[in-house]
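Report on the structure given below.
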Amino acid sequence: MKFEIGDDNDKALCVALQHEFMRCQDAFVDFARSAEELIMLGQDRQRAYRSYNAYARFIHHLYEFLMGAIMRDRRDTAAVHFEDAEREIMREAQRVLTNRREAIINGTAPAWENALSAYPESVPPSFAREFRRHRNITLGHVKPERRHLSLTAFYTDYHPFMYMIYSASRWSWGPREGPFPDLKEVTDFSVMVIKTRGVAVQPPVGT
């Protein structure tokens with residue numbers, strides 16, 4: 001569906017984008033917490049399981065957020081072809097990497113920033129493809145490849161680029177100070193007693 005910036009369809013997409021980025025942020029916070037436990041308390045299957053799941057959610061929601069951002073850039077909600085998705089992800093990753101490097105070089109980077117040597121000049125050419133593949137297998141779809149696909153290797157090779165994209169997006173789409181955002185039906189969701197045709201209905205909770 002075609003739309004223009006500022007029209008009703010664009011506003012609806014922006015609600016979905018904000019919700020998706022907030023999900024991404026929730027997953028990242030969960031991952032940071034569980035990863036700290038894994039480091040401090042030692043490796044075991046349950047802690048690894050929780051960390052894996054949180055990072056898989058982070059990958060998934062960041063990918064979906066980027067797909068929505070591509071739709072908004074195009075002013076079109078049509079599904080993004082995987083080749084276009086990979087090309088746009090590579091472009092965004094290179095943009096944020098270049099911005100980081102230039103800020104360090106020209107002296108405008110914050111005091112906590114890493115040294116220039118921490119950042120390569122270019123994003124690995126396999127990044128977007130592996131990002132999409134890990135999104136599909138670790139969370140998006142139930143596939144036998146999940147047993148053999150190493151999320152550890154993905155984290156080791158690509159997490160800095162994932163974090164740079166996430167961090168850059170947070171300034172525009174992350175929660176701000178003040179009241180919790182109105183996400184329409186998302187934040188109107190309720191499991192309280194509701195009335196249907198005059199009859200009070202209590203939706204089931206639990207098992």
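Scanning region 70-88 for residues that are free of Cβ contacts under 8 Å to residues at least 60 places away in the same chain and assigned to a helix (DSSP H, G or I) gives Ile70, Met71, Asp73, Arg74, Phe82, Glu83, Asp84, Ala85, Glu86, Arg87, Glu88. Every test in (1) over 17 Å from the mean Cα position of the chain (by Cα); (2) closer than 22 Å to Ala35 by Cα; (3) open to solvent by less than 50 Å² (accessible area, probe 1.4 Å) is passed by Ile137 save one, and that test is (1).
Inspect all residues belonging to region 166-179 and state whether any of them is touching a Cys at 6+ places or on another chain (Cβ under 7 Å) and in a helix (DSSP H, G or I).
First pass over region 166-179, keeping only residues touching a Cys at 6+ places or on another chain (Cβ under 7 Å): 166.
Narrowing further to those that are in a helix (DSSP H, G or I): 166.
Looking through region 166-179, at least one residue is touching a Cys at 6+ places or on another chain (Cβ under 7 Å) and in a helix (DSSP H, G or I).
Let me confirm something: among Arg57, Arg100, which residue is open to solvent by 50 Å² or more (accessible area, probe 1.4 Å) and not in a loop (DSSP other than H, G, I, E, B)? When all the criteria are applied, what remains is Arg57.
The values are calculated or read from the model by the stated rules, or taken from the named source; none is laboratory data. What you see is a predicted model; the values in this text were computed from it and never measured. In this analysis, Cβ positions are derived from the backbone assuming ideal geometry, glycine residues included, and neighbour counts consider all displayed protein chains. These area figures cover heavy atoms from the full protein model, side chains too; ligands, DNA and RNA do not enter into them. Shrake-Rupley method; radii C 1.70, N 1.55, O 1.52, S 1.80 Å.
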